[in-house]
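See structure below.
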Amino acid sequence: MSKSYRDGLPISPENFVDQLMRLKRGSIGRRDFLGLTGLGIATAVMAREIGIMPTPAFAAESLGDRMSIATWPNYHDPATFENFKKDTGVAVEVNVFGSNEEMLAKLQAGASGWSLFVPTNYTISTYKKLGIIEPLEMAKLPNFDGSQEDPRFTSEGTIEGVTYAVPKNWGTTGFAVNTKKLTKPMTSWKEFWDTAMAEGDSRTMVHDYQLTTIGNALKYYGYSFNSLKQDELAKAEELLLKVKPHLFAVSSDYQPGMRAGDAWMTMCWTNDGAQLHRDIPEIAYVLGKEGGEIWTDFYAIPKDAPNKPAGYALLNYLMNPQVAVKEHLANGAPSTDARVNKLLPKEVLDNPILYPAADLLTPLEFGAAATLTDPGRAELMARFKSA
Amino acid sequence: MHGSRLRRNLLTALLLGPATAWLVVFLVLPFIAIAVFSVGERAPEGGYQAAFTFAQYANLPARATAFWNTMVLAPVGALACLLVAYPVAYYLALRAPQRWRLILLALVVIPFWTSLLMRTYAWMYVLGGRGIPALLAYIGFEDVRLINTPGAVLLGIVYGYLPLMILPIYVSLERLDRRLLEASADLGATPLSTFLGVTLKLSLPGVMTGFSLVMILLLGEYLIPTLLGGGKVFFIGNALVDLFLQSRNWPFGSAIAITLVLVSVVVLIAANRISTRVSGARRVDLI
């Protein structure tokens with residue numbers, strides 16, 4: 001009923017806050033804010049969807065004048081898109097998402113309108129199976145150099161020798177702790193969950209995301225992050241239900257709570273950990289010694305992309321190491337491209353949040369495709385959230 | 001004679017056409033689609049695959065907690081709204097000076113010009129660690145937590161839905177025949193019994209209208225509990241969002257949506273019945 005204005009929001013509430021926080025910190029200008037949150041382009045998008053504005057032609061080198069990209073919050077240097085527009089005349093609409101599932105849901109529903117998007121490693125095989133993405137035409141990406149990519153992070157973009165997606169950057173999933181409030185040093189997921197029920201009572205956040213919340217509960221018992229075994233999931237559920245009443249929030253939007261001091265500890269991705277630590281030094285980023293998640297985000301082009309030429313042009317532009325290095329400095333997640341790493345200042349490469357020690361990286365697992373689509377884990381998450 | 005009636009019918013059809021087309025395209029067709037989805041199956045990678053099964057409906061108990069939480073939130077939230085709204089409406093209709101009335105009414109409505117999302121975010125900052133708790137810390141109360149509590153959710157709901165409650169009550173109080181109040185006083189009733197026996201009773205239609213309006217909107221609420229409650233309490237609206245956007249179990253989500261619509265209709269009919277009874281068999285149209 002009166003909810004239509006919310007349903008049509010170009011950005012999820014979580015991402016909106018992320019962008020709002022950045023605006024408050026002054027790291028983006030107001031116009032970028034409107035652009036990033038999609039508020040500024042909402043009307044333009046609507047006009048295009050209902051056919052008032054001309055659809056970009058598929059002609060050989062015509063790039064049209066606009067395209068849209070689906071990506072993650074705090075993930076790009078806003079200057080990248082402005083420069084791209086200056087060079088090519090193509091304005092980029094940025095749609096920010098909170099989870100891979102949400103991106104998949106939008107693409108499954110059809111007519112997403114995106115000409116480029118940023119899926120995480122474990123989703124790519126599913127996108128291929130569903131016929132949502134096509135093999136990339138590598139000739140249109142001269143700036144991409146596969147030989148410079150670290151194979152550990154890039155393998156899932158290529159299926160049976162065919163490249164469907166090229167890597168953007170990688171990262172880990174650990175937890176952030178406000179060490180002024182929780183002074184006991186922590187090194188493991190076991191300590192994370194135990195502290196959540198003790199000193200961190202009503203101050204701890206977990207992701208609103210089955211992959212990481214269930215996965216890291218499985219790590220409490222030393223099980224695989226991707227486990228689909230009934231008995232192991234039952235143990236994880238038992239832990240989650242026990243922790244639930246002690247939590248501050250179940251939300252993937254943890255930066256505002258951590259910054260305001262309401263939350264003292266949260267599950268956290270590399271780039272957010274780096275940003276929080278940069279601004280509030282007492283917030284530390286911890287990787288559980290039992291393991292957890294390591295991930296790579298990729299760029300892919302949807303089969304039904306309304307403006308493929310511009311999608312390829314932007315992707316090629318982003319693969320330019322000179323551009324990618326600025327992206328990397330802005331979002332704070334490590335690059336997969338050796339050419340980019342050569343351009344990074346030493347203090348970035350020495351940052352243990354971005355580049356953890358090898359012994360911490362070894363036990364980490366990439367999320368699995370089966371974990372993403374498993375209905376059993378989805379129902380477990382629903383039981384946890386409704387408990 | 002015959003021709004003019006035909007013309008009149010044609011005119012009626014023409015005038016009703018746009019509204020009918022709108023409702024068919026944006027209400028009836030989506031509803032049919034949802035109904036079809038609800039007897040289908042979840043495809044292996046999520047989404048919908050054709051089938052004819054009532055398995056999704058049989059699975060409804062898996063969201064029993066969400067339904068229960070919603071069934072508690074909706075009336076409690078509406079009641080809290082009512083308790084705050086009634087005195088305001090009473091003042092506006094019966095006590096406020098005539099020349100101020102329009103301005104005060106405008107003040108009630110003006111917040112509606114901004115999206116509820118924006119206003120709820122404002123509350124997030126007011127209740128968050130840099131808002132009221134920071135002020136409290138300044139006078140010596142450290143580490144007070146207001147955000148992500150049931151109280152914060154209730155506050156958000158009352159704030160968000162207050163105008164919807166005030167306006168119908170105001171309208172029914174404003175129409176109140178003042179002579180009835182004088183008569184009641186003349187006949188020796190105390191102000192309290194006048195209020196209970198005359199004012200309150202005659203404003204009940206407005207109360208019921210506001211109550212059911214707020215309650216029905218609350219049945220689908222998911223934003224305020226997510227933002228001000230930290231997503232720890234799971235309402236049916238949250239279950240729907242998750243089923244469509246996260247686990248992509250469209251058929252189960254559709255079955256829940258259909259059930260929610262049916263529950264809303266039942267609530268509406270019940271409210272209508274109660275309202276008809278309490279207002280002395282006077283028929284009241286709620287919507």
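Bear in mind that the values in this text are calculations on the coordinates, not laboratory data. Note that this is a predicted model, so its numbers are computed, not measured. Cβ: placed from backbone, ideal geometry, glycine included. Neighbour counts: every protein chain shown.
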Stretch gain in nm, segment B:Ile274-B:Val109, where the contour uses 0.36 nm per residue and the Cα spacing is subtracted: 56.6 nm
Residues whose placed amide H lies under 5 Å from that of B:Lys232, excluding near-sequence neighbours: A:Val250
How would you order A:187-200, B:40-53, A:286-299, B:116-129 from highest to lowest mean count of nearby Cβ atoms within 10 Å? A:286-299, A:187-200, B:116-129, B:40-53
Backbone HN-Hα couplings from phi across the stretch A:240-249 [Karplus 6.51/-1.76/1.60, Hz, Gly and Pro as x]: 4, 5, 6, 7, 2, x, 8, 7, 7, 6
The stretch A:225-366: radius of gyration and largest Cα-Cα distance (Dmax), Å: 18.6, 52
For A:Lys140, counting only lysines whose alpha-carbon sits under 19 Å away and dropping same-chain residues fewer than eight positions off, the answer is A:Lys85, A:Lys168, A:Lys303, A:Lys308
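Taking neighbour Cβ counts within 10 Å as the exposure measure, how do B:Ile110, B:Ile34, A:Ile280, A:Ile133 sort from fewest upward?
Working: B:Ile110 10, B:Ile34 18, A:Ile280 14, A:Ile133 24.
Sorted ascending by nearby Cβ count, the order is B:Ile110, A:Ile280, B:Ile34, A:Ile133.
Based on the mean of other beta carbon atoms within 10 Å per residue, what is the order of B:199-205, B:264-270, B:13-19, most packed first? Kindly include the intermediate steps, with their values, before the conclusion.
Numbers: B:199-205: 19.1, B:264-270: 13.6, B:13-19: 9.6.
Result, highest mean Cβ count within 10 Å first: B:199-205, B:264-270, B:13-19.
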Connecting C-alpha atoms closer than 10 Å in a GNM of chain B, tell me which of B:Arg175, B:Arg99, B:Arg277 has the biggest fluctuation. B:Arg99
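Arrange the following residues from fewest to most other Cβ atoms within 10 Å of their Cβ: A:Lys235, A:Lys168.
Working: A:Lys235 16, A:Lys168 28.
Fewest to most other Cβ atoms nearby, the residues stand as A:Lys235, A:Lys168.
Per DSSP helix of 4 or more residues, -39500 (n - 2.57); summed, then divided by the residues of the protein assembly as shown. What does that give at 222 nm, rounded to the nearest 500? Could the numbers behind the result be given before it?
Details: 34 runs with 364 residues, N = 674.
Calculated at 222 nm, the ellipticity per residue is -16000 deg cm²/dmol.
Near A:Met103, within a Cβ-to-Cβ distance under 12 Å, what is the net charge of the other residues, with Lys and Arg +1 and Asp and Glu -1? Kindly include the intermediate steps, with their values, before the conclusion.
Details: positive: A:Lys106, B:Arg248; negative: A:Glu101, A:Glu102, A:Asp297.
So the environment of A:Met103 carries a net charge of -1.
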Debye log10 I(q)/I(0) for the protein assembly as shown, one point scatterer per Cα, at q = 0.06, 0.07 Å⁻¹: -0.40, -0.53
Let me test this: with uniform point scatterers at the alpha carbons of the stretch B:167-281, what is the Debye-based log₁₀ I(q)/I(0) at q = 0.09, 0.21, 0.22 1/Å? -0.42, -1.09, -1.14
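When the Kirkwood hydrodynamic radius is evaluated over all pairs of different C-alpha atoms of the stretch B:63-278, what value in angstrom, to one decimal, is obtained?
Details: mean 1/r = 0.0515 Å⁻¹.
That comes to 19.4 Å for the stretch B:63-278.
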Less than 21 Å apart at the alpha-carbon level, and either on another chain or at least 8 residues along: which lysines does that give for A:Lys180? A:Lys190
Between the stretch A:251-322 and the stretch A:330-349, how far is it from one alpha carbon centroid to the other, in angstrom? 14
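Can you give the Kirkwood hydrodynamic radius of the stretch B:109-209 from its Cα pairs, in Å with one decimal? Display every interim value, and only then the final one.
Details: mean 1/r = 0.0594 Å⁻¹.
Kirkwood radius, the stretch B:109-209: 16.8 Å.
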Interchain or long-range residues, amide H under 5 Å from A:Glu93's placed H: A:Met67, A:Ser68, A:Ile69
Just to confirm my numbers, what's the Cα centroid distance between the stretch B:127-205 and the stretch B:69-103 in Å? 5
Across A:Lys181/A:Lys244; A:Lys106/A:Lys342; A:Lys181/A:Lys219; A:Lys219/B:Lys232, pairs whose alpha-carbon gap is larger than 29 Å: A:Lys106/A:Lys342
Output the peptides A:262-275, B:76-89, B:241-254 sorted from most to least packed, where packing is the average of other Cβ atoms within 10 Å over each peptide's residues. A:262-275, B:241-254, B:76-89
Give me the Debye-computed log₁₀ of I(q)/I(0) at q = 0.10, 0.17, 0.23 Å⁻¹ for the stretch A:101-206, equal point scatterers on Cα only, no solvent, two decimals. -0.49, -0.85, -1.22
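Using Cβ counts within 10 Å as a stand-in for footprinting exposure, how do A:Asp304, B:Asp143 rank, fewest first?
Working: A:Asp304 16, B:Asp143 13.
Sorted ascending by nearby Cβ count, the order is B:Asp143, A:Asp304.
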Residue by residue through the stretch A:375-387, what is 3J(HN,Hα) from phi via Karplus (6.51 cos²θ - 1.76 cosθ + 1.60, θ = phi - 60°)? Round to whole Hz and write x for glycine and proline. x, x, 5, 4, 5, 4, 4, 5, 5, 4, 5, 8, 5
